[in-house]
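**Q** For reference, the structure I am asking about is given below.
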Amino acid sequence: MSTSSPRQAGFLAIELDGAGWAGADIARAVLAAESAGFHAATFTDAPVPGRANALQRAAFAGPVSRTIALVPEVDTVYTEPFHVSTQLASLDYVAGGRAGWIATAAESPEAAAAVGRSSVAGAALGQEAAASIEVSRRLWDSWEDDAVIRDVATGRYIDVDKLHHVDFETPAGFAGAGYSVKGPSIIPRPLQGQLPVLVPAFLLGVVSPDAVDGVLVSAPAAELLTAEIRDVRARVGASVAVVAELDVVLDARGQAAAGRVAGIDSGRAVYAGSAAGLTDFLTELLKEADGVRLHPASLAVDLEELGRLVLPELRRRGALRPVVQDGTLRDLLGLQRPVSRYATATAAHAAAAPPALESKGKP
Amino acid sequence: MTQHNRAKSDAFVPSGQIQFGVFFQGVNSGTIWKAAESGSQTDFESFRRIAQTAERGLFAAFFLGEGLRLREHLGRPHALDVVGRPDAQTMLAALASLTKNIGLVATQNTTYNDPADLAHRLASLDLISGGRAAWNIVTTDNAWTGANFRRGGYLDHADRYKHAEAFVETAKRIWDSWETPAGPAHRVLHEGQHYTVDVTPRLPRSAQYRPVLFQAGDSPEGRNFAARQADVIFSAHPKFDDAVEFRKDLVERSLTAGRGANAVQIMPASEFILAPTAAEAAEKKEWVRSLQIGPQQAVAYLEQFWGRELQSYDPDGPLPEIDPVVEETSETRGSGFHGAKARQLADQWRAEAKDKGLSIRQFVTSKTARIDATFTGSYIAVADQLAEYARVGAVDGFNISPWLIPTGLDDIVNHLVPELQERGVYPTEYRGNTLRDHLGLETPVRTADTAAEVVTA
């Protein structure tokens, strides 16, 4: 099967929002997803009652899991970019390099009112997202990898030449209130250097494909997904992962999926039916997409069926990438660990400029 | 029950107990990084080791600071001390999965956070941890820090506590907004001078009702703010007589604020240098100080106040005769520079160092704030000393800054805690499941006030 595909086998992510907020429930869900063989767990951040902070749920899951990537949704419009950047970098530390970011742009009057701002809509959402992603990426690079030197002889804990102000300014023509971020970050570079950033497809156009590592593709019905994936693939090229969004309701515990599907109205494509049918559907979908994110109708019920019947068969068919022990999310996505954008500039600067202040100090 | 009566009383009643918290410092000069046994300041393993050791020692709380702008020295990041710290709430959410009882305290600024967002994240941490979250409330007002945020430097220094208090009131209303654990949630609207919040909160109350509030700030405004709003004050008064005075002051302010004499607990920042004997402890202290204030640190400390480069001065010689640059630049803010007071301070320090015959290094060592907050001695002697604090109720506990990461709590937990337990002044088990339980704090009551829909300030 996989030999007919031009791409390597795909990956599967599962949305764990249904686990709730209690620590024990989050731990149980992430371990169940990990042992079922999922490559990534995601955590949504929609402003609905009962929803604990997505990034904190991912952080809680960090120390209790080992291989599964942890990818929260974090809004780019109504949250401070500096906070977002440091929180995500910290998540990468607690997750051992398994963290990612689904950068969302909420068109939400409620979120705007909560922080006393006017509502952002339309193309301005993309501009806010692009700016926030750029701030985070610059801040993650603002400490070069070897900035902490702990040099006892000179008494220097850090090499100040390897820390950089990011001096971000929102670009001309920015629709919202412009702002600037000085930097550097308050935390050393994340373990992965740069966390992989995924965005929903609607932000493409304003957010450049160069700025992201993955795109989440939605279609309102399962039979439309392939066309959407091909359309997005044509826009982003082969280096950006294309991930399909799919709601899943399975026949389970003696009850037909059709009986449980009522009331699901997420706007996403829905697969409702047998585990065997889903396995066939995903086998075909993973020939087009790099990955699929599953949204189980019931985490408890559907995760059990997925782990028991669907993932083992997909693995047997060679449709899934192997899960790598102690791998990073970048490893999963086939991404190199990037050098800090400021590293080259420093080397050039050091050659041209007079010695820095610290090197003038007495040994 | 005892605690309940204490809190309601108009007369101060000592609890007779000492609690410990640990403050894992991020950016600081007190944590030794040069010793062979010094671990990473940012690896999660260091945080895990400290938090789990503290929990083994029945510590009430684990504290983290907040970084909003990297400290700079003469316009560049400061090179000599520990620099860099992960986000407090993210680390605490991760530590919640590896601990069961210890309180998780996030230092968070009222100036560069949005009230609804911060209240939601703290409520989230409180739920995820099963009712163990706390907020250590701090304020900032300078534009230098604001350069990392959309709002920039929008707040006048004079307004920072007024702003902080409106912020905290809003957060409390957000946490109080669910009528019962099942709802419904009430909309919270705050129309203030600096911001407007209009939110229907998403999260119910936690097992401890809402996050415990710590306050760090020592000015009269800060103390009044604590007396009105806080559960615990993170004080800078660990010395016995000073601690007793501070307690009296805070009791008066709490009564003035209409709360009981025992409403606010006191936990001064502290450092412990312990050994089996007094002589060994004194020797250890010399070693600790020499690594905390090395020659480069001593000169750099003066540079912060002089506002200029002083590397040509001998750390073992007298203080610089050259005068400070008195101009206050935006780059030097946040590094302790005192602006126009620099000249006066320099004259005063030169005179003091000359009188006492101190070198730059000796002088800086004597000036470092942590000196006052240090308990040095044998395990037995320090336990006796702390028991006396407990007996008179000078403090409710100490917030310990370990000078070594990640093993800096080991001798405290292994040797000091058992001595204190023998004296009956330290817990022998966690009192309950929440931080509020450990501290013996009353559960807040949802009032008509907090349920009011619109508040204008």
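**Q** If you wrap the range A:170-319's Cα atoms in a convex hull and average its projection over all directions, what's the area in nm²? It would help to have the intermediate numbers written out before the result.
**A** Values: hull surface 49.5 nm².
So the mean shadow area of the Cα hull is 12.4 nm².
**Q** Tell me, what are the semi-axes, in whole angstrom and largest first, of the equivalent ellipsoid of the range B:100-212 as set by the roots of 5 times the Cα gyration tensor eigenvalues? Working shown, then result.
**A** Details: eigenvalues 132, 58, 21 Å².
So the three semi-axes of the range B:100-212 are 26, 17, 10 Å.
**Q** In whole Å, what are the Cα extents of the range B:1-149 along the three principal axes, biggest one first?
**A** Extents along the principal axes: 54, 39, 32 Å.
**Q** Right, something else. Would you please state the base-10 log of I(q)/I(0) at q = 0.12, 0.18, 0.21 1/Å for the range B:348-407, with intensities from the Debye formula using one equal scatterer on every alpha carbon?
**A** Log-scaled intensity ratios, in q order: -0.50, -0.83, -0.91.
**Q** If you don't mind, another one. If ligands, DNA and RNA are left out, what is the accessible area of B:Lys341 with a 1.4 Å probe, given in Å² to the nearest 10?
**A** Accessible area of B:Lys341: about 130 Å².
**Q** Normalising by the residue count of chain A, find the relative contact order in percent from Cα pairs under 8 Å and 6+ residues apart. It would help to have the intermediate numbers written out before the result.
**A** Working: 682 pairs, mean separation 74.1, N = 363.
Result for chain A is 20 percent.
**Q** To continue, here is another question. With r defined as the distance between the Cβ atoms of B:Arg76 and A:Asp146 and R0 fixed at 25 Å, what FRET efficiency is calculated, to the nearest 0.05?
**A** 0.90
**Q** Determine how large the accessible area of A:Arg260 is when every protein chain is in place; take a 1.4 Å probe and give Å² rounded to the nearest 10.
**A** 50
**Q** While we're looking at this one, here's another question. How big, on average over all directions, is the shadow cast by the Cα convex hull of chain A, in nm²?
**A** On the way: hull surface 82.3 nm².
Projected over every direction and averaged, the Cα hull of chain A covers 20.6 nm².
**Q** Determine Rg/Rh for the range B:156-216; Rg is computed over alpha-carbon atoms and Rh is the Kirkwood hydrodynamic estimate from the same atoms.
**A** Details: Rg = 13.1 Å, Rh = 12.7 Å.
Rg/Rh for the range B:156-216 comes to 1.03.
**Q** Now for a different question. Averaged over all directions, how much area does the convex hull of the C-alpha atoms of the range A:43-194 cover when projected, in nm²?
**A** On the way: hull surface 41.9 nm².
Over every viewing direction, the Cα hull of the range A:43-194 projects on average to 10.5 nm².
**Q** Taking N as the number of residues in the range A:1-91, what is its alpha-carbon radius of gyration divided by 2.2 N^0.38 Å? Numbers along the way, then the final one.
**A** Values: Rg = 14.9 Å, N = 91, 2.2 N^0.38 = 12.2 Å.
Rounded to two decimals, the normalised Rg is 1.22.
**Q** Could you tell me the accessible area of B:Glu179 in Å² (1.4 Å probe, neighbours in place), rounded to the nearest ten?
**A** Roll a 1.4 Å probe over it and B:Glu179 shows about 90 Å².
**Q** Evaluate the Kirkwood expression for the hydrodynamic radius of chain B, namely the inverse of the mean inverse distance over all pairs of different C-alpha atoms, and round to one decimal in Å.
**A** 23.2
**Q** A follow-up question, please. Eigenvalues of the Cα gyration tensor times 5, then square-rooted: what semi-axes does that give for the range B:45-86, in whole angstrom, largest first? Display every interim value, and only then the final one.
**A** Values: eigenvalues 175, 21, 12 Å².
Each semi-axis is the square root of five times an eigenvalue, giving 30, 10, 8 Å.
**Q** What is the Cα radius of gyration of the protein assembly as shown over 2.2 N^0.38 Å, N being its residue count? Mind dumping the intermediate values first?
**A** Values: Rg = 27.6 Å, N = 820, 2.2 N^0.38 = 28.2 Å.
This ratio for the protein assembly as shown stands at 0.98.
**Q** For the range B:123-181, what percent of Cα pairs sit more than 14 Å apart? Mind showing how you got there, number by number?
**A** Values: 1162 of 1711 pairs.
I get 68 percent for the Cα pairs in the range B:123-181 exceeding 14 Å.
**Q** How large is ³J(HN,Hα), in whole Hz, for each residue of the range A:231-244 in order, when computed from phi with the Karplus curve 6.51 cos²θ - 1.76 cosθ + 1.60 and θ = phi - 60°, using x for Gly and Pro?
**A** 5, 5, 4, 5, 7, 9, x, 7, 7, 9, 5, 10, 10, 8
**Q** Full-extension gain between B:Asn414 and B:Arg151, please, as 0.36 nm times their residue separation minus the C-alpha to C-alpha distance. Show your work: numbers first, answer last.
**A** Numbers: separation 263, 0.36 × 263 = 94.68 nm, distance 4.70 nm.
Fully extending the segment from B:Asn414 to B:Arg151 adds 90.0 nm.
**Q** Against the globular-protein guess of 2.2 N^0.38 Å, express the Cα radius of gyration of the range A:238-307 as a ratio, rounded to two decimals.
**A** Taking the Cα Rg and dividing by 2.2 N^0.38 Å, one obtains 1.13.
**Q** Based on the alpha carbon coordinates of the range B:249-325, what radius of gyration and maximum Cα-Cα distance (Dmax) apply, in Å?
**A** Answer for the range B:249-325, Rg first and Dmax second: 21.0, 56 Å.
**Q** Right, another one. Averaged over its residues, how many other protein chain Cβ atoms are within 10 Å of peptide B:121-129's Cβ atoms? Intermediate results must be reported in sequence, preceding the final value.
**A** Working: counts 7, 2, 3, 9, 5, 2, 8, 13, 4.
Mean partner shielding for this stretch: 6.
**Q** Would you mind checking the radius of gyration and Dmax of the range A:30-78 based on alpha-carbon positions, in Å?
**A** Cα radius of gyration and Dmax of the range A:30-78 are 11.5, 35 Å respectively.
**Q** If you wrap a convex hull around the alpha carbons of the range B:393-441, what volume per residue comes out, as a whole number of Å³?
**A** 109
**Q** Next up: Treat the range B:169-327 as a sphere of radius equal to its Kirkwood radius over Cα pairs and apply Stokes-Einstein at 10 °C in a medium of 1.306 mPa s; give the translational diffusion coefficient in µm²/s, rounded to a whole number.
**A** Numbers: Rh = 20.7 Å.
Result for D is 77 µm²/s.
The values are calculated or read from the model by the stated rules, or taken from the named source; none is laboratory data. As the structure is a prediction and not an experimental result, all values here were calculated from the model. Heads up, the Cβs are rebuilt from the backbone with ideal geometry, glycines too, and the neighbour counts pull from every protein chain shown. When the accessible area is computed, the model is the full protein with side chains, heavy atoms only, and any ligands, DNA or RNA have been set aside. Shrake-Rupley method; radii C 1.70, N 1.55, O 1.52, S 1.80 Å.
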